[in-house]
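Structure, as structure tokens:
The values are calculated or read from the model by the stated rules, or taken from the named source; none is laboratory data. All values derive from a computational prediction rather than experimental measurement. Here the Cβ positions follow ideal geometry from the backbone for every residue, glycine too, while neighbour counts run over all protein chains shown.
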Amino acid sequence: MRRTSSVVASLALVFAALIVAPSAVVSAHPTTVTPQGFNTTEWAWVVVRDGTSTYTPAAKDRGNASGAIDRVKVFALGVYEIKFKGEADLGGVAHVSVLGTKPRVCVITTWFSKGADELVDIDCFSRTGSPAAATFVASFLATDNESGKLGYLWADEPQAASGDYTAAGTWSFNSTGGTNLVDHESTGRYLVTLPNLGAFKGDVQVSAFVEFPTPVRIAPAGNVPYNGPLSVCDTAGWTEGGGDTNMYVSVDCRDVTGALTDSYFTMTFMQGLGLKGISGTGVAYGLADQPTTASYAAPSDYRFSAPAGTVHITRQGTGRYTVTFSAMPEGGAVLVSADTISARRCFVGSIDTAATPQKVTVRCIKFDGTPANSRFTIAYER
């Protein structure tokens, strides 16, 4: 984690360096929201393997807490709506990761409830920023279960003055009841403070959120729209506080050239649990912190599996890795974020749907598309 100024000047540098999300931008469609009750959790995920058609993904490529069937809708080239049936929630957090061999850029543009369903809108582009069909993984989580160590947020003030601001309330959660804060340190660089979630290392996932100036998307009351450039956001490291109980997460956002740029983003931190929230099973995460090592297990403080299992990383070549989740089945969803202060991107290459244990390939590149070794963090759910 890069050294920060005011809030955590005492923290040591921990780490040396895609993509976007919440329903903070509200759809103009009429919505009827079904509020969640106390200690309830909504989760859903989908793997989009056909980027050109409206369709229902195969059973191994979709899942949600209600057991309903999710659907993918294509509005235009590179413009998608994911319907997570039965998962409506007032807030929550959404993430997206590119899937495949093409270095696409996919960002979340909104998420919102409509009736009993949660809708997540995603726009995808070529590496250089032109609208393009893409394959990707999308995930949604909302909870009010105040146990375990879980925090998520939507950072909704891309150009806030330096100093902490409170993350957008409806889309911000801390399992200890703390108030999540965001500090805009400099262009494209942010420090997230998660009160009382320190002491364990856990996992971080980050996605870029881009608000495009289209007539069907409007800013919520009191929010000034920021129509910034297309962006990629990843973690630049995270650590517990020196002398306090907080978790601090650094986030870097870059444009398609790799230059730092201000951006909205979504972020999730979890320790000892996965993308399904408290007590969820069929989940795992791990940190790949040795980008040039041939084969190794993710460090114990940065891995988790339910049911119990190992998370092992094998380097296949420059910027190409295989992650084996020993206790996970075929199919499922994967999120990947680069973990570096360098201009790197990491995305999902493939997810095994035919054999166990689950083997996921990960690709890391420079912003010009050249393969490059990189640290990354990975989270799985099925």
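Here is a check on your reading of the model: is V348 out of contact with any Pro (no Cβ under 6 Å at 6 or more places or on another chain), more than 17 Å from C106 (Cβ to Cβ) and either in a strand (DSSP E or B) or among the aromatic types (F, W, Y) (or both)?
Answer is no for this residue.
When H184 is evaluated against the numbered criteria (1) touching an Asp or Glu at 6+ places or on another chain (Cβ under 8 Å); (2) at pLDDT 95 or above; (3) closer than 21 Å to L275 by Cα, which criterion, by number, is the only one it fails?
(3)
From A306, A354, A379, grab the single residue that is crowded, with 22+ Cβ neighbours inside 10 Å and of a type in the set (G, A, S).
A379
Kindly indicate the residue of the range 159-173 that is buried (at least 18 other Cβ atoms within 10 Å of the Cβ) and touching a Leu at 6+ places or on another chain (Cβ under 6 Å) and also nearest to G92 (Cα to Cα) among those meeting that condition.
The extreme case among them is S172.
Criterion first (at positive phi and either buried (at least 24 other Cβ atoms within 10 Å of the Cβ) or in contact with an Asp or Glu (Cβ under 7 Å, 6 or more places away or on another chain) (or both)) does G317 satisfy it?
Spelling it out, it is not the case that G317 is at positive phi and either buried (at least 24 other Cβ atoms within 10 Å of the Cβ) or in contact with an Asp or Glu (Cβ under 7 Å, 6 or more places away or on another chain) (or both).
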